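Below you'll find the structure, written out as structure tokens, and then a few comments.
The values are calculated or read from the model by the stated rules, or taken from the named source; none is laboratory data. Quick caveat: nothing in here was measured; it's all calculated off a predicted structure. Cβ: placed from backbone, ideal geometry, glycine included. Neighbour counts: every protein chain shown. The area values use the complete protein model at the heavy-atom level, side chains included, leaving out ligands, DNA and RNA. Shrake-Rupley method; radii C 1.70, N 1.55, O 1.52, S 1.80 Å.
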Amino acid sequence: MSPHLIDFRERIVVEGKPISEEYLLRFLERWGSDAEDLGATFFEITTAMALQYFAEQEVDVAIIETGLGGRLDSTNVITPLVTGITSIAMDHQEYLGDTEESIAREKAGIMKRGIPAVIGPVSTSARVAIYEVAKESAPAVVIEAPRLYRTGDVRVSASGTTFTVEHGGQRQSLTTGLTGSAQAGNASVALSMLRAAGPPWTVTLDEAAAVLPRVTLPGRFQTVGNCILDVAHNPDGMRSLIATIAELRPAEPIIGVLGVLADKDWRQMMIVLASAVERIVLIAPPSAPPERAWNPQEAEEFARSRGIGARFEPDFDGAVKSAASSEGMVLITGSFHTVGDALIALGQSTL
């Protein structure tokens with residue numbers, strides 16, 4: 001999975017244990033010069049490392065997340081048991097296109113001839129685009145997860161999300177350890193993919209009910225003290241986050257701590273965030289690549305022009321710790337870099 005929050009080894013994990021530092025060094029010593037000669041990118045090297053590591057570990061099954069899009073992504077060299085598209089959002093438009101349809105076509109590029117494909121809750125235009133690609137790639141079947149595993153009665157709490165699932169004449173209440181109404185749709189996609197992969201991967205609703213409460217994922221509505229940290233890094237993600245906050249009705253005041261990469265639609269993200277918080281603290285995550293670092297002072301000026309209460313704090317760690325010591329709730333969001341650096345400032349680890 002990618003990107004990581006704090007430690008690169010979060011990207012490559014087998015049975016809950018991250019790849020070792022020793023393995024990383026051995027791989028780079030063996031293949032580093034060849035990778036440079038080939039002009040391989042960081043993600044291409046990472047993908048090759050992950051696939052070799054999984055092979056050497058003799059894993060029974062691997063879950064491979066694409067890095068960007070799908071059609072041209074490094075991970076698209078594999079022949080999977082099943083492919084899945086969880087959702088379509090406006091992001092990475094400079095690479096994937098500036099419409100949902102174009103982004104959907106790029107993501108649908110992971111579909112393979114004769115391999116089942118699962119799609120989650122997407123817009124009608126995105127669904128049409130996916131089916132157009134399917135005519136060419138000819139997957140064994142295209143499964144719409146919301147139709148196969150129907151979800152409803154979604155209830156969100158700080159400890160997770162509970163919802164009902166209907167499938168094969170059965171109705172079951174499930175609870176996942178992840179917080180947010182979107183998690184019901186994500187669970188539907190996961191169940192559909194496991195079923196499409198066939199024996200021995202298909203699970204019953206009773207089995208799902210037993211394991212889903214134990215699901216955790218750092219940086220996704222993660223609670224640390226009075227802080228909630230979430231990697232929402234585009235307007236759709238921010239809207240989903242704010243909707244979850246509204247459902248929880250946390251103690252006020254709510255302070256937003258925001259750090260975004262420059263190539264994201266940070267203006268729209270600020271507008272959405274401002275609708276739910278008393279004020280916004282603008283920060284620049286130290287780990288952000290220099291070429292993608294945003295200008296919080298420009299964001300401060302934008303906020304002023306829109307009547308949004310926001311101020312830039314140049315001391316990242318100081319701003320996070322100060323916000324964490326305040327009353328009410330603190331929402332730290334905007335990018336993986338922001339959340340990862342904030343977790344470090346709060347003394348947290350992801351491994």
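In segment 289-305, the qualifying residues are those that are in contact with a strand residue (DSSP E or B) (Cβ under 9 Å, 6 or more places away or on another chain) and small (Gly, Ala, Ser), and the one that is surrounded by the fewest Cβ atoms within 10 Å (Cβ to Cβ) is 293. For segment 251-268, filtered to residues that are under 23 Å from the mean Cα position of the chain (by Cα) and surrounded by fewer than 16 Cβ atoms within 10 Å (Cβ to Cβ), the residue that is modelled with the lowest pLDDT is 263. The residues of segment 296-333 that are closer than 19 Å to residue 245 by Cα and charged (D, E, K, R) amount to a single one, 327.
Among the listed residues 271, 344, 242, which satisfies the condition of being assigned to a helix (DSSP H, G or I), of a type in the set (A, V, I, L, M) and open to solvent by 70 Å² or more (accessible area, probe 1.4 Å)? Show your work before the answer.
Numbers: 271 fails: open to solvent by 70 Å² or more (accessible area, probe 1.4 Å); 242 fails: open to solvent by 70 Å² or more (accessible area, probe 1.4 Å).
Matching residue, one of 271, 344, 242: 344.
Report, ordered by the first and then the second residue, all pairs with beta carbons closer than 6 Å, sequence separation of six or more or different chains, a first member in segment 323-334 that is of a type outside the set (Ser, Thr, Tyr) and open to solvent by 10 Å² or more (accessible area, probe 1.4 Å), and a second member that is in a loop (DSSP other than H, G, I, E, B) and modelled with pLDDT under 90. Taking only residues 6 or more apart or on different chains, the pairs are 328/251; 328/252; 329/250; 329/251.
Is one or more of the residues making up segment 315-333 assigned to a loop (DSSP other than H, G, I, E, B) and under 16 Å from residue 221 (Cα atoms)?
So in segment 315-333, the residues assigned to a loop (DSSP other than H, G, I, E, B) come out as 315, 325-328.
Then keep just the ones that are under 16 Å from residue 221 (Cα atoms); that gives none.
No, every residue in segment 315-333 fails to be assigned to a loop (DSSP other than H, G, I, E, B) and under 16 Å from residue 221 (Cα atoms).
Out of 236, 263, report the one residue that is assigned to a loop (DSSP other than H, G, I, E, B) and acidic (Asp, Glu). Please lay out each step first, then the result.
Working: 236 fails: assigned to a loop (DSSP other than H, G, I, E, B).
Checking each option against the conditions leaves just 263.
Going through (1) under 30 Å from residue 124 (Cα atoms); (2) β-branched (Val, Ile, Thr); (3) open to solvent by 60 Å² or more (accessible area, probe 1.4 Å); (4) over 17 Å from the mean Cα position of the chain (by Cα) one by one, residue 63 falls short only on (4). Would a scan of segment 221-228 turn up a residue that is in contact with a Pro (Cβ under 9 Å, 6 or more places away or on another chain), farther than 20 Å from residue 87 by Cβ, open to solvent by 10 Å² or more (accessible area, probe 1.4 Å) and part of a strand (DSSP E or B)? Yes. Count of segment 173-195 residues, restricted to those that are farther than 13 Å from residue 154 by Cα, touching a Ser or Thr at 6+ places or on another chain (Cβ under 7 Å) and not hydrophobic (A, V, I, L, M, F, W, C), is 2.
Cβ-Cβ contacts under 6 Å between residues 6 or more apart (or on different chains), taken from a first residue in segment 36-63 that is of a type in the set (D, E, K, R) to a second residue that is surrounded by 16 or more Cβ atoms within 10 Å (Cβ to Cβ), are listed as 44/74.
In the set (1) open to solvent by less than 50 Å² (accessible area, probe 1.4 Å); (2) more than 25 Å from residue 242 (Cα to Cα); (3) in a loop (DSSP other than H, G, I, E, B); (4) not charged (D, E, K, R), residue 118 fails one condition alone, (3).
With respect to the conditions (1) open to solvent by 70 Å² or more (accessible area, probe 1.4 Å); (2) part of a helix (DSSP H, G or I); (3) at pLDDT 95 or above, residue 286 falls short on a single one, namely (2). Evaluating residue 87 against the criteria (1) in contact with a strand residue (DSSP E or B) (Cβ under 6 Å, 6 or more places away or on another chain); (2) at pLDDT below 95; (3) not acidic (Asp, Glu) leaves one unmet condition, (1).
Restricted to segment 137-163, and to residues that are buried (at least 16 other Cβ atoms within 10 Å of the Cβ) and among the hydroxyl-bearing types (Ser, Thr, Tyr), which residue is modelled with the lowest pLDDT? Checking each candidate, the answer is 137. Here residue 206 fulfils each of the conditions (1) surrounded by 15 or more Cβ atoms within 10 Å (Cβ to Cβ); (2) of a type outside the set (A, V, I, L, M); (3) not in a loop (DSSP other than H, G, I, E, B) apart from (1).
Among the residues of segment 1-22, are any in contact with a His (Cβ under 7 Å, 6 or more places away or on another chain) and at negative phi? Break it down stepwise before answering.
To start, the set of residues in segment 1-22 that are in contact with a His (Cβ under 7 Å, 6 or more places away or on another chain) comprises 10-11.
Those left that are additionally at negative phi: 10-11.
Within segment 1-22 (the criterion being in contact with a His (Cβ under 7 Å, 6 or more places away or on another chain) and at negative phi), the answer is yes, since at least one residue qualifies.
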